[in-house]
1. Search the stretch 38-67 for residues being hydrophobic (A, V, I, L, M, F, W, C) and modelled with pLDDT under 90, and hand back the single one that is surrounded by the fewest Cβ atoms within 10 Å (Cβ to Cβ).
2. Residues that are under 21 Å from residue 2 (Cβ atoms): list the helices (runs of 4 or more DSSP H) wholly contained in the stretch 12-83 that include at least 3 such residues.
3. What pairs come up if the first residue lies in the stretch 42-59 and is under 21 Å from residue 76 (Cβ atoms), the second is modelled with pLDDT under 95 and of a type in the set (A, V, I, L, M), and their beta carbons are under 8 Å apart, counting only those six or more places apart or on different chains?
4. Checking residue 2 against (1) surrounded by 11 or more Cβ atoms within 10 Å (Cβ to Cβ); (2) farther than 30 Å from residue 77 by Cβ, which single condition isn't satisfied?
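The values are calculated or read from the model by the stated rules, or taken from the named source; none is laboratory data. Predicted model only: the values in this text are computed from it and were never measured. All Cβ positions, even for glycine, are placed from backbone atoms using ideal geometry, and neighbour counts span all protein chains on display.
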Amino acid sequence: MPIIIKAKSKDNNNSLIREFKKVTAVTDIVQKVRDRRYFQKPSQVKAVKKIAKNRLQRKIRVLKHTKNISMDVIERMTARLNK
């Protein structure tokens, strides 16, 4: 899927580059390219995902016991966990 950024009459090159960087950061394109730069065995990929999932579960467990955290934050994190 191509990323298209249209220039308006008042935009200069720096603002267009900044907007492009924001769009690529949101879509995780740069991170995907960095991850695929070197080959990883499928077992390594699974292990990394499992470690990240465990870390997120631990973080959610700790945040549930914290007093000043809203339930909205915890719900968003559990939604990310269930992806």
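1. Let us first name the residues in the stretch 38-67 that are hydrophobic (A, V, I, L, M, F, W, C), namely 39, 45, 47-48, 51-52, 56, 60, 62-63.
Filter again for modelled with pLDDT under 90, leaving 60, 62-63.
Details: 60: 16, 62: 10, 63: 15.
Restricting to residues being hydrophobic (A, V, I, L, M, F, W, C) and modelled with pLDDT under 90, the top hit is 62.
2. It comes to 13-26, 29-35.
3. 53/81; 56/77; 56/81; 57/81; 59/77
4. In the conditions (1) surrounded by 11 or more Cβ atoms within 10 Å (Cβ to Cβ); (2) farther than 30 Å from residue 77 by Cβ, residue 2 misses (1) alone.
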